[in-house]
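Enquirer: Input: one structure, supplied below.
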Amino acid sequence: MSYFTYKKLKYPLFFLYIVTLICSSFSNANDTPFKTKTTVLSPGNDHYNLAGSLYYLRDPNGKLTPESIISGQHDGDFTLTKNNLNLGFTSDIVWVRLQVQRSSQAPSDWVLTLSPYFLDEVTVYVPSQASANGIAFNHSGGSALPFKERRFNHPYLLTELILPKDKKVAIYLRINTESATILEAKISTWQGVLKSSQEMYLLLGAYYSIMLLVFFPALWRAVWLKDKTSRYYVIYLSIYVGNFLAINGVANMLLFDDNTWLNRILMITTVLLIYLGYFLLGNHLFSIKTSYPRVYRLQKFILAISIIGLPICFLGYRHIVFPLTMPLALIGIATVWWASYKQMRQGYPPATLYFVAFFIPLFAIIITVIKILGGLPHNVFTTNVLQISSAINIVIIHFSMDYARRFDDYVSIDMKQQSLIKARRQVTQARQEQDKLLKGQVRFVDILMHEYRTPISIISANLDILSMLNKKDNDIEVNKRLEVMKKAVARLIDVFERTNEGNDFISKQITENLKVSTTIALIDDCRHTITALFPDRQIKYTNINVSTSVLVACDNSLIRMVFMNLIENAVKYSQADTAIEIECQQHEKNVTVAVKNKGNVISPENRQRIFERYYRETSTQDKPGIGIGLHLCKQIILLHNGNIIAKEWQQGGMIFEMSIPIINEKAE
C-alpha cells in the first residue's frame, strides 16, 4: 500500500472512529450508579454500576483476616462511599464490601468486573454458611497476577458469581496495591460482558488502525525525506501506542506471561513517557529552549525528578513517588500547551491547531477526575476518554503538521521573493558604492601621478647630467649603474603614462608598436634588470625546450612591463630567503612563462579577483601597492591574444603563468 493510499484512508477511518465511540458511549446509557446499600439485580439491565454502593475499611497493618471480616465482626467499621472508591495513593490494605440481591426473574449467572488495570492484588471473597471457614470461594486477580494464571484472558478482573434468588449476598474484596486505590466496580450479565468486550475491542481496533495509518506516512517522511519534525512525531506516536498497549493489558496479553515487573512501574512510566513525548515534540515545534528558557528549565527539572522516581518505585515506594511525579508531569504537559498558546498569540496560524491538539489531553484528564468523583456516568466513552483524547490529539497534530508545512512553504517562497528584491537592492547600492569608490581611487591615482611626475623628471634630468659628467672619467661601473637607473625611471614614466591614459591607449598603441621578437631576449633583459634591482635575491631561470628562434608578435615595452611586474610581485610577496623561479616552456601554439614564488597562497575564490582593477588581498595590505599592476598585466596579455592565470604551487606559494601565441614568420 503506497503512501498516498494511507493518506487517503486515514481521514475516513478517523471519522469512523469518532462515530464508533459516540455509539459506544450511548450503548451503556443505563449504566448509572445505584446509590443504595443493596443493589437489586433485575431483568432487562445488563450492567449495574456499584458506585455509591461500596463500603470500605482500611487495614494499615494487614492484620485483619478474611474469616474475621466475613463473619461480620467489623461490619460497623465500614464506611459507605458516595461514588467510586477513591482512597488515593496508600500502602494500606483496603477491604471493600458490596451487597447485591438477585430478583426471582433475573438470571443466576453474573460477572463482577473490577477496574482499572493498575490494582496490584485483589481477592474476591463470597461468604457461605455451608463451608467450614464461612467462605464459599475466593478469586485472586489484579495487575500483578500473570495472565497465564488468570481465569479469564481479560485486562480487567472478572469474577463469575452464582447468586441465589431474592437473597442478599455480601461480597468482600481485599485490595493490596501501591498504585492509586481507585476502584470502579460493576456487575454485568455474561451477555453484557460480551457486548462490552466487543465494544472495547472495536474501539481498540479503530484506535490502533488510526495509529498505523498515521504512523506509516510519518515514518516515510522521517526516513525517506529526512523530515526532522516527522522524526519527533514518530517518537511521539510510538510512546502513545506503547503506553496504551501496556495500560490496556494488550502488551501483557500478547507479549509477557509474567507482567509483574511492568506493573510495578507502569503508572509512572506511562505519565513519564507521555510527558517525554510532549517534551520532545513541543520543544521542536515551538523552540521552547530558545524562546522560553525558563519554561525549558522547568521542563528539564520535571523530567529529572520523574526519572529519579523510577528506581524508587522498585524499592516499594510507589505510593510516595506517584503523587509527586504525576502532578509534575501534568504541569510539564501544560507548559507545552502554554507554548502553543504563546505561538498562537504571536500570529502563527498552525499554532491554533497545535493549541487545540495539546489542550484535548488536559481536558480528558479533567473528565477522568470528574468521572472518578461521580460527576459523570460510567460508560465506554468516560472509561476510554484518555485513549480517545490521544487519538484525537495525534490526528489533529498530524493535520497541524501538514498545515504547517504548507504554510511554511508559502512563507518560504514569499521570504525568498522578498530576499531577492532586497538582494537586488543591495547589489545596486553596492555597485553605486563601488563606482563611487572607483572614481575616488582613479582621482587619487591621477593626483599621485601628477605629484610624482615632477620628482621623476628631476631624477631623470639629474641622471642625464651625471652621465655627461661621467664622460670625462669614463667610469664603466658608474655608467652601468646610471643606465640601470635610467631604464628604471623610463619604465616608471611609461607605467604612469599608460595608467593615466587607460586601456584605450594601450589598445591603440599596441598596433603601432607591434614587433616580432624572441621570448628569450625579452626574459633575459628583464632578468638582468631585476638582478640589478634586487642583488640579494636568488632568481632561478629554467628553459624547457624554448628555441632562440621562436618568435612572438608583441609590443616589447608592454610585455616587458608584464614580465617586470610579475617578477617584482614575486620578490615583494615572498620571503627574503627563498628563490624566485622563472620557467619558460614552448608548446605547439604558444610559449608560456611561469613565475613561481613561495609567498602566501591566494584562496581559489580570489584568484580571478586579483586581476580586477584596484583589488588587493587582505594579507598584502602591509605591502606597498594600489592594485593596478596585475590588472594591467591581464589587459596587456589579452590584447596579445594570450592569457594569464594564478594557481597554487605544490611546493608552497603561487605560480603566475602567462602565455603568448607563437608566429611562424621570421623577423626581417
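The values are calculated or read from the model by the stated rules, or taken from the named source; none is laboratory data. This structure is a prediction, so every number in the text was calculated from the model and none was measured. Using ideal geometry, Cβ is built from the backbone for each residue, glycine included, and neighbour counts are taken over all protein chains shown. Only protein heavy atoms, including side chains, enter the accessible area calculation; ligands, DNA and RNA are left aside. Shrake-Rupley method; radii C 1.70, N 1.55, O 1.52, S 1.80 Å.
Enquirer: With a Förster radius of 25 Å, plug the Cβ-Cβ distance of residue 345 and residue 418 into 1/(1 + (r/R0)^6) and report the FRET value to the nearest 0.05.
Expert: 0.55
Enquirer: To continue, here is another question. How high is the FRET efficiency between residue 475 and residue 536 when r is their beta carbon distance and R₀ equals 25 Å, given to the nearest 0.05?
Expert: The calculated FRET efficiency here is 0.60.
Enquirer: Out of the chymotrypsin sites (Phe, Trp or Tyr not before Pro) in segment 200-234, which ones are loop residues according to DSSP with at most 14 other C-beta atoms within 10 Å?
Expert: The qualifying sites are 224.
Enquirer: Starting from the 7 Å offset along Cα-to-Cβ, what nm value, one decimal, do you get for the label separation of residue 641 and residue 202?
Expert: The two pseudo-label positions are separated by 9.2 nm.
Enquirer: Oh, and also: In square angstrom, rounded to the nearest 10, how much accessible surface does residue 235 have for a 1.4 Å probe?
Expert: Around 70 Å² of this residue is reachable by solvent.
Enquirer: Kindly identify segment 522-668 as rounded, prolate or oblate by the Cα gyration tensor criterion: order the square roots of the eigenvalues as a ≥ b ≥ c, call it rounded if a/c is under 1.5, otherwise compare a/b with b/c, prolate if a/b is larger, else oblate. List each step's numbers first, then the result.
Expert: On the way: a/c = 1.73, a/b = 1.40, b/c = 1.23.
Since a/c reaches 1.5 and a/b is larger than b/c, the shape of segment 522-668 is classed as prolate.
Enquirer: Give the accessible surface of segment 168-243 per residue, rounded to a whole number of Å², with probe radius 1.4 Å and ligands, DNA and RNA excluded.
Expert: 40 Å²
Enquirer: How far apart, in nanometres, would the label points at residue 71 and residue 528 be if each is projected 7 angstrom from Cα along the Cα-to-Cβ direction?
Expert: Result: 13.6 nm between the two label points.
Enquirer: Calculate what fraction, in whole %, of the accessible area of segment 176-246 sits on carbon and sulfur atoms when a 1.4 Å probe is rolled over the protein chains.
Expert: That share works out to 68 percent.
Enquirer: Right, something else. Rank these residues by their accessible area, most exposed first, probe 1.4 Å: 228, 186, 540.
Expert: 228, 540, 186
Enquirer: Next question, about the same structure. Hey, any idea what % of segment 67-110's accessible area is carbon plus sulfur with a 1.4 Å probe?
Expert: After summing per-atom areas, the C and S share lands at 39 percent.
Enquirer: Now for a different question. Calculate, in nm to one decimal, what residue 464 and residue 482 gain on full extension: separation in residues at 0.36 nm each, minus their alpha carbon distance.
Expert: That pair, residue 464 and residue 482, stretches by 5.6 nm at full extension.
Enquirer: Please report, in Å, the Rg and the Dmax of segment 392-432, where both are computed over Cα atoms only.
Expert: Computed over the Cα atoms of segment 392-432, radius of gyration and Dmax are 17.4, 58 Å.
Enquirer: Could I have the simple spin-label model distance between residue 298 and residue 491, label points 7 Å from Cα toward Cβ, reported in nm to one decimal?
Expert: 7.7 nm
Enquirer: State the answer as a single residue: which of 534, 547, 565 lies farthest towards the positive end of the charge dipole of segment 512-572, with beta carbon charges of +1 for Lys and Arg and -1 for Asp and Glu, about the Cα centre.
Expert: Positive-end residue among those listed: 534.
Enquirer: Given the protein chains as shown and a 1.4 Å probe, how many square angstrom of residue 489 are accessible, to the nearest 10?
Expert: Here the accessible area works out near 20 Å².
Enquirer: Determine how large the accessible area of residue 607 is when every protein chain is in place; take a 1.4 Å probe and give Å² rounded to the nearest 10.
Expert: Around 40 Å² of this residue is reachable by solvent.
Enquirer: Ordering 194, 328, 204 by how much accessible area each has at a 1.4 Å probe, largest first, what is the list?
Expert: In descending accessible area the options line up as 194, 328, 204.
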